[in-house]
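> Below: one structure in structure tokens.
The values are calculated or read from the model by the stated rules, or taken from the named source; none is laboratory data. Computed from a predicted model, the values in this text were never measured in an experiment. Quick reminder, even Gly has a Cβ in these numbers, built from the backbone with ideal geometry, and neighbours come from all protein chains shown. The protein model used for the area step is the full one, side chains on, heavy atoms only, and it has no ligands, DNA or RNA in it. Shrake-Rupley method; radii C 1.70, N 1.55, O 1.52, S 1.80 Å.
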Amino acid sequence: MASQSARALSWASLLLLLVGGIVGAPEAGVAAAALAGLCALAPLRAGTRGLRLAGLLLLLAAAGLAAARLPSASRGLDAYRARVERSRAEAPGPR
């Protein structure tokens, strides 16, 4: 991979981290953090020394954001499941 591609993926990772931190939905924050972590892997693998350090910092930041958002995302998904089960229980059955 070219150094320019690794640099572009570093910027993409940083942008995804910013979006993941700003967005209100915790599920979207976890997804953005996961994508940011994937983008940060390329500079770790094929970047120069400075890019590798930046990639490591971005990967750690992505893991931290995902860890911070995961409990509230899990609670939100559990609440969604409970609403779906309630609506299925209240729905009329086949005739």
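> Using only the alpha-carbon atoms, what does the stretch 36-82 span along each of its principal axes? Please give whole angstrom values in decreasing order.
Projected onto the principal axes, the Cα atoms of the stretch 36-82 cover 49, 14, 8 Å.
> Can you give me the accessible area per residue for the chain, using a 1.4 Å probe, in Å²?
Value returned for the chain: 68 Å² of accessible area per residue.
> Using only helices, what value at 222 nm comes out for the chain when you add -39,500 (n - 2.57) per DSSP H run of length 4 or more and divide by the total residues, to the nearest 500 deg cm²/dmol?
So the helix-based figure for the chain works out to -31500 deg cm²/dmol.
> Report in % the part of the accessible area of the chain that belongs to carbon and sulfur, leaving out ligands and nucleic acids; probe 1.4 Å.
Carbon and sulfur: 66 percent of the exposed surface of the chain.
> Along its three principal axes, how long is the chain when you only count alpha carbons? Whole Å, largest extent first please.
66, 26, 18
> Based on the Cβ-Cβ distance of ALA82 and LEU53, what FRET efficiency does E = 1/(1 + (r/R0)^6) give at R0 = 35 Å, to the nearest 0.05?
0.20
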